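Worksheet: the structure to be examined is printed underneath.
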Amino acid sequence: QVQLVESGGGLVQPGGSLRLSCTTSGSIFSINAMGWYRQAPGKQRELVAILNTAGTTNYADSVKGRFTISRDNAKNTVYLQMNSLKPEDTAVYYCNADIQRTVRLAPQNYWGQGTQVTVSS
């Protein structure tokens, strides 16, 4: 089984920072793209940032210049550094990854359970 476990969420004041981590575990042959999505109450889940194996990143316009995605391939971990947080960043943040479990299997998409980020004074 493959698991994605997020950590680092919490309550922060506007203008503050948080760093989310997502660690993968289980039988993994390779990990392709890894990313972060978020879902606010009453809204659809949306892409926040994604990073592929070539190092190419893509960010939602609303977080450009404030959030940075990075990964540690040796640890199969992806991070999201969030600075200058705003109340509208409040959401459950989900880790997502395309993972190939064995050389014979096609990559599959996996989700973490999510971590709550609340930006409020």
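The values are calculated or read from the model by the stated rules, or taken from the named source; none is laboratory data. All figures in this text were calculated on a predicted structure; none of them were measured in a lab. Virtual Cβ from ideal backbone geometry, glycine too; neighbours counted across all protein chains shown. The area values use the complete protein model at the heavy-atom level, side chains included, leaving out ligands, DNA and RNA. Shrake-Rupley method; radii C 1.70, N 1.55, O 1.52, S 1.80 Å.
Observations on the model:
- Rounded to the nearest 0.05, the FRET efficiency derived from the C-beta distance between GLN44 and ARG104 at R0 = 30 Å is 0.30.
- Residue order by solvent-accessible surface for TYR79, TYR93 is TYR79, TYR93, largest first, with ligands and nucleic acids left out and a 1.4 Å probe.
- Estimated vicinal HN-Hα couplings, Hz - the range 46-58 in sequence order (Karplus 6.51, -1.76, 1.60; Gly, Pro = x): 10, 5, 9, 7, 9, 9, 9, 5, 7, x, 7, 10, 9
- Apportionment of accessible area to carbon and sulfur, the chain, percent (1.4 Å): 46
- Efficiency of FRET between SER7 and ASN52 - r from beta-carbon atoms, R0 25 angstrom, step 0.05: 0.65
- Pairwise FRET efficiency - SER27 versus SER120, Cβ, R0 = 41 Å, nearest 0.05: 0.55
- Amide H contacts under 5 Å for THR53, placed H, 5+ residues apart: ALA33
- 26 Å Cα-Cα reach of LYS86 towards lysines, excluding residues that sit fewer than 8 places from it in its own chain: LYS43, LYS64
- Protein heavy-atom accessible surface, 1.4 Å probe, per residue over the chain: 54 Å².
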